[in-house]
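Written below as C-alpha cells is the structure these notes are about.
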Amino acid sequence: MRNTFLLSLIFSCSIASAQFVQPERRAFQISAGLGVDAMSSHSVFTYINTLFGVPSTQTLGGLIPATEFFIVPEYQITDHWLVGFEYSYLLVSKSVAGYYAGEYSESIHMPMMIAHYCLHGEGYWLKCGGGIGYNFGTLTQTFTDIGSEETFAAQGAGMKLEAVMNLAFDEHWYGMLSGDVRWGIGNTFADHGTKADYQSVSPQLNYITVGMKLGMMYQF
C-alpha cells in the first residue's frame with residue numbers, strides 16, 4: 001500500500017513538473033540599416049577608363065566607396081544557429097573626367113540565403129557566418145558633354161562572409177554593428193542582347209567589397 005502511494009505521488013509530481021516546463025523560446029529577428037563599402041571591380045573600371053579616355057594619372061582603380069542598404073529577417077533554429085534571408089542594395093556613383101566628361105553608376109540587388117553561428121546571453125548576440133545568392137546589376141554611363149545615357153544589365157552569383165554584434169537597448173531593440181566581405185561573379189553587362197563593349201573591353205558583374213554596417217535589430 002505504501003509503495004503504491006509513493007508511486008502515485010512520484011507520477012503526480014512528474015505530471016505537474018511537465019506542465020510548468022516551458023519549451024525553449026526561439027528568437028525571430030529583423031535587422032535593417034546602412035553600410036559603407038569599399039568596392040573593387042576591375043573589368044568595370046577598365047571599361048570606364050577606356051570609354052571616357054581617362055588620363056593614366058586619374059584612372060579608376062583599387063577600391064572606391066559604395067553605399068549599401070539592407071534588411072535581414074532570420075530565425076533561430078537551434079541554440080547556436082540562425083538561418084534567414086538577406087536583401088541588400090549596393091550603389092556606387094562616380095564622376096569621370098577624361099577626353100569625355102560624365103558619370104557612371106553601378107547598382108546591384110543582392111538577395112541571398114544566410115546562416116549564422118551565434119553566441120548569445122543577457123543583452124547581446126555575437127554571430128559569424130555568411131550566405132550565397134544571386135545578383136542583379138545595372139551599369140549606367142552618362143556623357144554630359146553630348147547629353148547621352150546608356151544603361152546595361154547583368155546577372156550572376158554572389159556570396160559573403162560576415163561577423164555581427166548586437167547589443168540590447170531593451171527587451172526587443174538591439175543595436176547592430178557588422179563587418180563583411182562580398183564576392184560577385186557574373187556575366188557581361190548588356191542591353192537587350194547588345195553587350196557593353198569599347199575597344200574590345202567589356203565590363204562584367206565581377207566585384208569584391210569590404211564593408212561595415214550600422215543598423216537596428218528587433219527581436220520578437
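The values are calculated or read from the model by the stated rules, or taken from the named source; none is laboratory data. Quick caveat: nothing in here was measured; it's all calculated off a predicted structure. Every residue, glycine as well, gets a Cβ built from its backbone with ideal geometry; the counts of neighbours run over all protein chains shown.
Is it the case that the stretch 167-177 has a residue that's in contact with a Lys or Arg (Cβ under 9 Å, 6 or more places away or on another chain) and modelled with pLDDT of 95 or more? Yes, the stretch 167-177 contains at least one residue that is in contact with a Lys or Arg (Cβ under 9 Å, 6 or more places away or on another chain) and modelled with pLDDT of 95 or more. Name the single residue, out of those in the stretch 1-57 being under 30 Å from Ser88 (Cα atoms) and in a loop (DSSP other than H, G, I, E, B), that is modelled with the lowest pLDDT. Step by step, filter the stretch 1-57, then rank; the result is Arg25.
Listed here are the residues, each with its yes/no results for (1) touching a residue at least 60 places away in the same chain (Cβ under 8 Å); (2) surrounded by fewer than 21 Cβ atoms within 10 Å (Cβ to Cβ); (3) charged (D, E, K, R); (4) in a strand (DSSP E or B).
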position	(1), (2), (3), (4)
Thr67	no, yes, no, yes
Ile71	no, yes, no, yes
Ile77	no, yes, no, yes
Leu82	no, no, no, yes
Tyr87	no, yes, no, yes
Leu91	no, yes, no, yes
Glu106	yes, no, yes, yes
Met110	yes, no, no, yes
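Each row is one residue, and each column tells you yes or no for (1) assigned to a strand (DSSP E or B); (2) farther than 30 Å from Tyr100 by Cβ.
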residue	(1), (2)
Cys128	yes, yes
Gly133	yes, yes
Gln141	yes, no
Asp145	no, no
Lys160	yes, yes
Glu171	no, yes
Leu177	yes, yes
Val181	yes, yes
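When the stretch 116-141 is filtered for residues that are hydrophobic (A, V, I, L, M, F, W, C) and either crowded, with 16+ Cβ neighbours inside 10 Å or over 19 Å from the mean Cα position of the chain (by Cα) (or both), the ones remaining, listed by number, are Cys118, Leu119, Trp125, Phe136, Leu139. The residues in the stretch 93-104 that are assigned to a strand (DSSP E or B) and either under 12 Å from the mean Cα position of the chain (by Cα) or not β-branched (Val, Ile, Thr) (or both) can be counted, and the count is 8.
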